[in-house]
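The structure appears right after this line, and notes come after that.
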């Protein structure tokens, strides 16, 4: 793929992808076809080579691309080129023309000026308008004839992220999704999409909601190379009903989960982490090079920062006044928990200026994020926003925490050690990977993780193991694998085999009564 950077366009140059998408359209003679983001015409070339009688409308925002396309197809009477903003084009918004087929590779993450943002919010109410590709998907489906087919190559984030719930519900009720082909963006070396994974969605427009929900989607993934897309026998195939997906929490495509994990996520009788803990993001100074200091330049990513002298590090707990208004003494640098996938205990390596003057500057700065300050210097658990293959959590021990961390603060502090063990368990990684397959965690996704209440014996076992792990790490012994394996077995038994949970009848109590178990109900 080539990229037209100003317009966030990625031009499809992969023959296997082109062949696959054209084949999925099932082209017929003389059909009307829309290419809503024409680029350099690579889709149109494939369409014409397959069906020279197709009547093709090309829409394109980039003036240079429009000039190129008009010259390229000036002898093709069945091809028209229009310079327009597809998402705000009146013909598109009013559905003045219906198409038999639509094919495209819409822009990803295009930046909008203020006026365009206002227009998009007005024209697409209820949709997430900061992401362009989902708006293209929505707008173009509305321009399909009944039983018309659309095939798009787009990022896969719309399948699970909370902000795309409205688009998912629209797709599941207004179309029959024929196939989803999922593959890594690394299939296109040298192109930085900003997305780890892409997908090709092929769907049929349908106004019969009942029939749509009965439709079964073919989900294909696990391709080793892009050429395998064209071979039906390649990759892993899963058949899922649209009704099943529609009924998932947030109508999310939980294709990264087993049946047991999916049932846990969708079980309304279970508490979620958000019911029993505050999940919040932390502080950003607005100018870390000025205010943030490492204890040693050898620390990862510390080279561009000035090392702090130990004499300026705060030695005693902060008073309530100092937490809010800053420290008046020279010992005004406080430890801060930053991102990075470290289990249980993070070494104290970074310090933030918390002087009275610095606090005044933070509060006056437009760049500073003094967010969720009520949770600064409390005891909790820090989960990095960017996770690796495994979710990790580490203690926030009455420290400041930055915006690269989701701070989890249980309403009942007696749960901290237990939750610390849970967040570092394999089953918790499986749960969050199903809820949000992307590499980025946010507070909203942590809140959705199911919580099975343990019995007293189980909770004590977990806390004893977690205490052992913390003790070993604090004396410099990083070999905690044996303890971690014990925890993984315990939490696997709890979540997947119901071993160690409170009596089943208690789980059937109304949610208000459940909350009172930890003093959280009314």
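The values are calculated or read from the model by the stated rules, or taken from the named source; none is laboratory data. Keep in mind that what you see is a predicted model, and the values were worked out from it rather than measured. When we count neighbours, we look across all protein chains shown, and the Cβ atoms used for this are built from the backbone with ideal geometry, even at glycine.
Annotations
- Of residues in segment 288-317 being closer than 21 Å to residue 367 by Cβ and assigned to a loop (DSSP other than H, G, I, E, B), the one nearest to the chain's Cα centre (by Cα): 301
- Inside segment 406-433, residues that are closer than 22 Å to residue 346 by Cβ and outside any helix (DSSP H, G or I) make up a count of 7.
- Which numbered condition residue 379 misses (of (1) closer than 18 Å to residue 317 by Cβ; (2) without any contact (Cβ under 8 Å) to a residue 60 or more places away in the chain; (3) surrounded by 23 or more Cβ atoms within 10 Å (Cβ to Cβ)): (3)
- Of all the criteria given as (1) touching a residue at least 40 places away in the same chain (Cβ under 8 Å); (2) surrounded by fewer than 18 Cβ atoms within 10 Å (Cβ to Cβ); (3) under 30 Å from residue 472 (Cα atoms); (4) in contact with a strand residue (DSSP E or B) (Cβ under 6 Å, 6 or more places away or on another chain), the one not satisfied by residue 337 is (2).
- Residue within segment 351-363 that is surrounded by fewer than 16 Cβ atoms within 10 Å (Cβ to Cβ) and in contact (Cβ under 8 Å) with a residue 40 or more places away in the chain present: no
- Within segment 85-103, tally of residues that are surrounded by 16 or more Cβ atoms within 10 Å (Cβ to Cβ), touching a strand residue (DSSP E or B) at 6+ places or on another chain (Cβ under 7 Å) and either at pLDDT below 95 or more than 12 Å from residue 35 (Cβ to Cβ) (or both): 2
- Taken residue by residue, segment 389-399 has at least one member that is more than 22 Å from the chain's Cα centre (by Cα), surrounded by 18 or more Cβ atoms within 10 Å (Cβ to Cβ) and without any contact (Cβ under 8 Å) to a residue 60 or more places away in the chain.
- Here segment 14-31 is the region considered, the condition is being in contact (Cβ under 8 Å) with a residue 60 or more places away in the chain and not in a helix (DSSP H, G or I), and the residue that is surrounded by the most Cβ atoms within 10 Å (Cβ to Cβ) is 31.
- Filter result (part of a loop (DSSP other than H, G, I, E, B) and within 30 Å of residue 389 (Cβ to Cβ)) within segment 318-342: 338, 339, 340, 341, 342
- Filter pass, residue 168 being assigned by TED's automatic domain parsing to the domain that holds residue 21 and modelled with pLDDT of 95 or more: yes
- Filtered residues of segment 114-126 (kept if within 24 Å of the chain's Cα centre (by Cα) and closer than 19 Å to residue 61 by Cβ): 117, 120, 121, 124
- Selection within segment 271-287 - in a loop (DSSP other than H, G, I, E, B) and surrounded by fewer than 20 Cβ atoms within 10 Å (Cβ to Cβ): 286, 287
- Against the conditions (1) over 21 Å from residue 382 (Cα atoms); (2) at pLDDT below 95; (3) surrounded by fewer than 15 Cβ atoms within 10 Å (Cβ to Cβ), residue 482 satisfies every one except (2).
- Only one of the numbered conditions (1) under 23 Å from residue 404 (Cβ atoms); (2) surrounded by 14 or more Cβ atoms within 10 Å (Cβ to Cβ) is violated by residue 331, and that is (1).
- Residue match in segment 286-298 (condition: under 19 Å from residue 440 (Cα atoms) and in contact with a strand residue (DSSP E or B) (Cβ under 6 Å, 6 or more places away or on another chain)): no
- Looking only at segment 332-345, residues that are closer than 22 Å to residue 370 by Cβ and out of contact with any helix residue (DSSP H, G or I) (no Cβ under 6 Å at 6 or more places or on another chain) come to 7 in all.
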